[in-house]
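S.K.: A single structure is presented below for examination.
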Ligand SMILES: Cc1cc2nc3c(=O)[nH]c(=O)nc-3n(C[C@H](O)[C@H](O)[C@H](O)COP(=O)(O)OP(=O)(O)OC[C@H]3O[C@@H](n4cnc5c(N)ncnc54)[C@H](O)[C@@H]3O)c2cc1C
C-alpha cells in the first residue's frame, strides 16, 4: 500500500505539532511554510491544562519546560513609572501544576526539530490554489510547483490562506482592539518581570527574560475595525504611534524603537468562528480554524491539543468528523474565555483603571490572595482542562 500524502500549510506551532503526531503513522508528510526560515523567539505564550498533556503525549514536554521564560513578577505602574503593586507572575496569570510559559518560536523550534526527520519541510513557498477531486487534492504553490495530496491541513494561522481557498472569504471576528508587539532595548533592565501600564482604551506591557536581554513591548488599543493593508508595515506602525504617543510611563521611549523593529507584529484581537473545520479532504487546525484570540491565552494550547487529536483520527473513515466532534466543546469553552478576556484586557475609562489598581493594591495584602485569584480564574482553568486526551 502506498503511504497517504499529507500537506500541512504553516510551520508555526500547530503544523510541526501535527507533523510530530503523524510520525510513524505511515503518512508521507510535507510542511510548507511561507516564511523563508523557521521563526525563532517571538512573544511569550502560556501552555495550560490539556495543552500540557498534549505536549507530554508528543514526548516534548521536558524540552519545552526547559525553555520556560521564568517570569517572576507582574507589576502595575503609574504614569510616572512608580509601582502600584506587584504580584507573583504564576499566581496572577493562573499557571498551575505543570503549566508553562515559553516563547512561541522556541516551542515551534522544538516541535520542528522533533519532527524534521520524518517530514519534509519546504520554506519560502505557499499554497496558491486548491482543487479537491474525488481522488485527492490538487495543490498549486506560489512557486509554480504542484502536487497531489490525500489530505491538506491548513495550519496557517489567524489569516489562513487555506481557509480562504477552501471555505471562501470570511474575516475573523474583531474583538474591539488591535495588538502590536516588538522588541526594544531593555533600558529599564527588566529582569524576568512583566510591567503593565493602563490608560483609557490603552494597555502597554513590557517584559524581558533578564536585565541583559532585549525587552518585548506590547501595545494594545481599543478600536472599532479599521481597514488597513496587511502588507503595509509602515502604515501599521503609524497607527500604533498615533494611538500611543504621549500617554505616559516609558511609552514614548518604546515608540522610538518602532521604526527599527524588524520583528513588529500587528493584528486585530480576533477570533475565527466556523461552523465546520473540514471541507472534503481539507481540514483546518489551530488558529486557522479556531483562533480564540491572544486575549484568551489559550491559542497555543488549542493548537497543540488539536494537533494531537487530528493526528489520532486523520486517515480513518469519518476521522475528520470525529476530530471536530471531540474538539468542538473544548474549543467553544475557550472561545467564550477569549471573548470575556478581550473585554477586560483594555480598560474602558479612568474608573476601570482605578478599580483595577485598587484590586491589585489590596490583593497584595490579602491573607488568602491565592484563593481569591483561583476563584476569579476558575472558568479559565475549567476551559483549559475541558478535554480529556
Ligand atoms: C501577542 C500574542 C500573544 C499571545 N499569547 C498567547 C498566550 O499567552 N497563550 C497562548 O496559548 N497563545 C497565545 N497567543 C496565540 C498563539 O500565538 C497562537 O494561538 C498559536 O501560535 C497558534 O499556532 P498556529 O500554529 O495555529 O498559528 P501560528 O503560530 O500563527 O502559525 C501559522 C504559521 O503559518 C505560516 N503561514 C501563514 N500563511 C501561510 C501560507 N499562506 N502558507 C504557508 N504558511 C503560512 C506563518 O508564517 C506561521 O508560521 C498569542 C498570540 C499573540 C499574537
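Laboratory data are not the source of any read-out in this text; all were calculated from the coordinates shown. Bear in mind that the values here come from a model prediction, so they are computed numbers and not experimental data. No Cβ is skipped: glycine too gets one built from the backbone with ideal geometry, and neighbour counts run over all protein chains shown.
S.K.: Which stretch or stretches of segment 340-367 have amide N atoms under 19 Å from the point lying 7 Å from residue 378's Cα along the Cα→Cβ direction?
M.R.: 340-341, 367
S.K.: With 10 angstrom as the radius, rank 190, 353 by how many other C-beta atoms surround their C-beta, starting from the fewest. List each step's numbers first, then the result.
M.R.: On the way: 190 21, 353 18.
By the 10 Å Cβ count, ascending, the order reads 353, 190.
S.K.: Once you keep just the Cα pairs under 8 angstrom separated by 6 or more residues, what percentage relative contact order results for the chain?
M.R.: Values: 814 pairs, mean separation 85.6, N = 389.
Once normalised by length, the contact order is 22 percent.
S.K.: Please determine, in degrees from 0 to 90 and to the nearest 10, the orientation of helix 369-384 with respect to the longest principal axis defined by the Cα atoms of the chain, where the helix direction is its Cα long axis.
M.R.: 20
S.K.: On C-alpha positions alone, give me the angle between the axis of helix 299-313 and the longest principal axis of the chain, in degrees, nearest 10.
M.R.: Once rounded, one gets 20 degrees.
S.K.: Which value at 222 nm does the chain reach when only helices count, each DSSP H run of 4 or more adding -39,500 (n - 2.57), with the total divided by all residues and rounded to the nearest 500 deg cm²/dmol? Intermediate results must be reported in sequence, preceding the final value.
M.R.: On the way: 13 runs with 141 residues, N = 389.
Calculated from helices alone, the mean residue ellipticity at 222 nm is -11000 deg cm²/dmol.
S.K.: In whole angstrom, note down how far apart the Cα centers of segment 1-67 and segment 310-369 are.
M.R.: 23
S.K.: Using a Gaussian network model of the chain whose springs link C-alpha atoms within less than 10 Å, name the residue from 289, 315, 349 with the highest mean-square fluctuation.
M.R.: Per the Cα network of the chain with a 10 Å cutoff, 349 tops the list.
S.K.: Can you tell me the 0 to 90 degree angle between the C-alpha axis of helix 350-365 and the longest principal axis of the chain, rounded to 10?
M.R.: Helix 350-365 sits roughly 80 degrees off the main axis of the chain.
S.K.: Hey, another quick one. Name the most mobile residue of 157, 144, 41, meaning the one with the largest mean-square fluctuation, in a Gaussian network model of the chain with Cα contacts below 10 Å.
M.R.: Comparing 157, 144, 41 in the GNM, the peak value goes to 144.
S.K.: I'd like the antiparallel share, as a percent to the nearest 5, of DSSP beta bridges with both residues in the chain. Intermediate values should be presented prior to the final figure.
M.R.: On the way: 49 of 71 bridges.
DSSP beta bridges in the chain are roughly 70 percent antiparallel.
S.K.: Can you grab the distance from the C-alpha centre of segment 144-211 to the C-alpha centre of segment 253-308, Å, no decimals?
M.R.: What the calculation gives is 6 Å, centre to centre.
S.K.: For each of 191, 229, count neighbouring Cβ atoms within 10 Å of the residue's Cβ, then give the residues from fewest to most.
M.R.: Values: 191 15, 229 9.
With the sparsest Cβ surroundings first, the list reads 229, 191.
S.K.: Now for a different question. When only Cα pairs under 8 Å and 6 or more residues apart are kept, what is the percent relative contact order across segment 175-266? Provide the component values of the computation, followed by the final result.
M.R.: Values: 157 pairs, mean separation 32.0, N = 92.
The value is 35 percent.
S.K.: Which ordering of 178, 43 is given by a fewest-first count of other beta-carbon atoms within 10 Å? Walk me through the numbers on the way to the answer.
M.R.: On the way: 178 24, 43 17.
Lowest count first: 43, 178.
S.K.: Would you look at the GNM of the chain, springs on alpha carbons closer than 10 Å, and say which of 86, 378, 222 moves the most?
M.R.: 378
S.K.: Evaluate 2.2 N^0.38 Å with N set to the residue count of the chain, then give the Cα radius of gyration divided by it.
M.R.: On the way: Rg = 21.0 Å, N = 389, 2.2 N^0.38 = 21.2 Å.
Expressed relative to 2.2 N^0.38 Å, the Cα Rg reads 0.99.
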